[in-house]
Every structure is written in structure tokens, then in C-alpha cells.
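Each reported figure results from applying straightforward, stated rules to the coordinates on display, with no laboratory input. These numbers come from a predicted model, not from an experiment. Quick reminder, even Gly has a Cβ in these numbers, built from the backbone with ideal geometry, and neighbours come from all protein chains shown.
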Amino acid sequence: MSDSLVTEPVGIELSVIIPTFNEVANVGELVRRLETLLRGVEWEAIFVDDDSPDGTAAEVRRLARRNPRVRCLQRLGRRGLSSACIEGFLATSAPYLAVMDADLQHDEALLVPMLEVLRGEPVDIVVGSRYVGGGGIGDWDQRRARMSEFATKLSQLVLHAEVDDPMSGFFMVRREAMERAMHNLSGIGFKILLDLFASSPEPLRFRELPYEFRARQAGETKLDTQVMLDYLMLLADKLIGHVVPVRFFLFTLVGSVGVAVHLLTLTLIYRELGYDFVTGQVMGTVLAMASNFLLNNYTTYRDRRLKGWGLVRGFLSFTLACSVGVVANVGIAAHLFNDSTEWLLSGLAGVIVGAVWNFALTAFYTWKA
Ligand SMILES: Nc1nc2c(ncn2[C@@H]2O[C@H](COP(=O)(O)OP(=O)(O)O)[C@@H](O)[C@H]2O)c(=O)[nH]1
Ligand SMILES: [Mg+2]
């Protein structure tokens, strides 16, 4: 074969990762814009879709059949913007990785200067920023603006960098920087940029470029209470996750609420209403068990929340698991106490063993992933 027939293989230089959930009306327009904008760049767009009921994935595949730069990564039975981005990163070998929303709120024109910075300067990550000069938050109402401001302040707990818009969902990162951080990423919730900054073993060299956040084109926002709770989970995971798993921390927090419920019920029934002690203790236990179950279902396991009959089945398995926990608790405590351990220490050891037992068992049986 003559040398002239051997073409140099050219790989993808820029991969744009686009998480989607119910964005069927936006993906076509976004691809058209990228096609026009990125002429001359070896690019691809990876749509990571969480099995949107509106058929976003099918629409992306339709676009992909006429443009091989378009790819669809469809996930089944999963939700989450951050984890979608991480899986997008791992599905490509491109040296530059961008993340942007599908809803056309991010100004795609910024991808070009972002790429230029990464190509030419010793910068790990370029952030599309709404909060540096020339940037803006578009048509957000006061409430949303204040929420974002508050969340940005909170992010300082884990950020360790003077980034003005760490909550941005629009950025471009050098592959090596992502790979250095990837094993530490929490992958919880919406804030993948903050996760990257907080998970990087070395401080990220960053640059912020301003852009004006645009109004959503079609469809609706997925920002809800779940997203806010996920954000708190992310912060907690970054702060204490290396010591105890966040879910266990929440589980014990709920447990201490349960103790309060128990003692209040006991006081009310035994002291105030004059019933006998055992009735008060039994009522306290039942109420604490029920409130613990419901609270865990709405906070610790909000993402796997049980509903309908699942709620009933869940409550039964929760009570069963916790009853075994009581046996383990009392067994260990009695053994230690008989072994002449301090009574308080024995009691505490029982509580800890019981808590770990309850957590492990209910994670497996009640709120199985
Ligand atoms: N894969 C995936 N994408 C999501 C999920 N939630 C939101 N998205 C996408 O993430 C982007 C930002 O979400 P959006 O609701 O617009 O958030 P907002 O801009 O903060 O209001 C959009 O492209 C959404 O379709 C999810 O659970 N999974
Ligand atoms: Mg949006």
C-alpha cells in the first residue's frame, strides 16, 4: 500500500457531555448550533439520558444516524445529573471534556474561547460564569437568585478556591484533571463542577469566562426539593464522607430524633396522662419506630423513596430489622457489662452495634437500591 493512502487517524478533541431528562424539544436545535459553531474542531456530543419518558434518547439516536458526532448514552433505572456527566466523561477518550445543559440556557458560543484557553494555557478547567463581569443570570426571579447566592456561599465549606460561580453547570475540563479527581468524586446530585473542585487532589488551575444565562427554550426545570437535599448530601459527603458514609450519618441523625419522639411520648403517656410505664414505653417505641421509618424514607433514602404498598412492606421489614437490632444491642451490652465493663460504656457499645446493624439491614432489605 502506498503511503499516500494511509491517512493519519484523527481522534475527537472535544467531547461535549450533555445530561438530559425530558429534553426532546431541545436536542435537535442544540445539535444544529454545535454543528455550525464547531466547524473545524474534531468534536462529539454525548447525550447522557436517564430514560426520559418523552423519548429524548430516541430523538438523539435519530440525530446520530445522520451525524456520527452525536452519541447517545441511555441509562436505565437511574437519575442524577452528576453521575450522568461522570459516565459521559468515561465514555470518551477526548482530551477536552465540556459539560453543558440541553435546554439552551448555556451560551454554546463560549465553547470556542473555552477550548482556546485549554489548548493554549496552563489551565485545568474553564468555568462558564454568571457571576463575573459581563455574565448574568438572565430571567431568574428574586427567589431563585437568592437561592443560588445562598448555595454559592455554602459551597465555600468544601471548595477551597476563589471561584465566583462554583455552581455553574457549564464548563470545560482537561481530561487529566478529571482523571486525577474521578476516584474521589461523590457523584451525588446536580453539582458536578463543585464536586470536581472539591475532589481534586491538587487545586485546579481555573479560569472563569462570563456568559449570560438564557431562558429555557422548551420543557421545564428539574430543580426541586430533591435537588436541594442532594446538594446538602454532596456537601456532607465532601465534609465527612471520608469518615462515615453520609447515609449512615443521616440514619443516626434520624435515630436521635426517634429518641426524642420516644421520650416525649413516654412523658406524655406515663407522666401526664397517668397510664402505666410499660404502656408508655411500648407506645414510645412504636411511635419512634414509625417516625424513624418515615423520616428515613423522606430524607436518607429520598432517592429510593417507598410509596403505596411498598411503604407498608418497607415498614414491616424496617420493624423486623430493628427488632433484631435490639437483640444485638442488648446482647452486646449485657456481655460487656457482665465482663465488668463500665455500665455507660456497655450501654453505648450496644447502641452503636444496634445502629450499625439496623443501618446495614434496612439498607439491604428496606431500601434496596
Ligand atoms: N441525565 C440526567 N439529566 C438531568 C437530570 N436532571 C436534569 N438533567 C438535565 O440537566 C440539565 C440541567 O437541568 P435543568 O432542569 O435545566 O436545571 P436548571 O437549569 O438549574 O433549572 C438539563 O439538560 C436537564 O435535562 C437527571 O436526573 N439525569
Ligand atoms: Mg436549565
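Some points to look at:
- GluC sites (Glu not before Pro) restricted to segment 114-204 and DSSP loop, no more than 16 other C-beta within 10 Å: Glu162
- The Thr279 and Arg79 beta-carbon pair, evaluated with R₀ = 41 Å, returns a calculated FRET efficiency of approximately 0.40.
- Filtered chymotrypsin sites (Phe, Trp or Tyr not before Pro), segment 215-318: DSSP coil and at most 15 other beta carbons within 10 Å: Tyr275
- Put the Cα centre of segment 61-117 next to the Cα centre of segment 244-298 and the gap is 47 Å.
- The convex hull of the Cα atoms of segment 246-365, projected and averaged over all directions, covers 8.2 nm².
- Taking Cα atoms only, the orientation of helix 81-90 departs from the longest principal axis of the chain by about 50 degrees.
- Couplings 3J(HN,Hα) for segment 166-177, derived from phi with the Karplus relation 6.51 cos²θ - 1.76 cosθ + 1.60 (θ = phi - 60°), are x, 8, 4, x, 10, 6, 9, 10, 6, 3, 4, 5 Hz, where x marks Gly and Pro.
- For Ala45, the amide hydrogen comes within under 5 Å of the amide hydrogens of Val16, Val70, Arg71, counting only partners 5 or more places away or on other chains and with H modelled in the peptide plane.
- Separation in nanometres of the label points that stand 7 Å from Cα toward Cβ, at Phe248 and Leu311: 3.0
- Test item: Cα-centred dipole of the chain, Lys/Arg +1 and Asp/Glu -1 on Cβ, debye: 900
- Beta bridges per DSSP, both residues in the chain: antiparallel share near 25 percent.
- Bridging of Lys238 to lysines at a Cα separation below 23 Å is possible for Lys153, Lys191, once same-chain residues fewer than 8 apart are set aside.
- For Glu212, residues with placed amide H under 5 Å, excluding near neighbours: Gly136
- The helix-only estimate of mean residue ellipticity at 222 nm for the chain, built from DSSP H runs of length n ≥ 4 each weighted as -39500 (n - 2.57), is -16500 deg cm²/dmol after division by the residue total.
- 0 to 90° range, to nearest 10: angle between helix 27-37 axis and the chain longest Cα axis: 40
- Annotation note: trypsin sites (Lys or Arg not before Pro) in segment 1-73 located in DSSP loop regions with a Cβ neighbour count of at most 16 within 10 Å are Arg39.
- At full extension, Glu13 and Arg39 could sit 8.1 nm farther apart than now, given 0.36 nm per residue minus the alpha carbon distance.
- Put in order of Cβ neighbour count within 10 Å, fewest first, the listed residues Val244, Val278 become Val278, Val244.
- Estimated at 0.36 nm per residue, the fully extended path between Leu263 and Arg205 surpasses their Cα-Cα distance by 15.6 nm.
- Panel note: the C-alpha atoms of the chain, placed on their principal axes, show extents of 91, 50, 41 Å (largest first).
- Seen against the Cα atoms of the chain and their longest principal axis, helix 111-120 is set at about 80 degrees.
- With Cα atoms as the point set, the radius of gyration and Dmax of segment 245-292 evaluate to 12.3, 42 Å.
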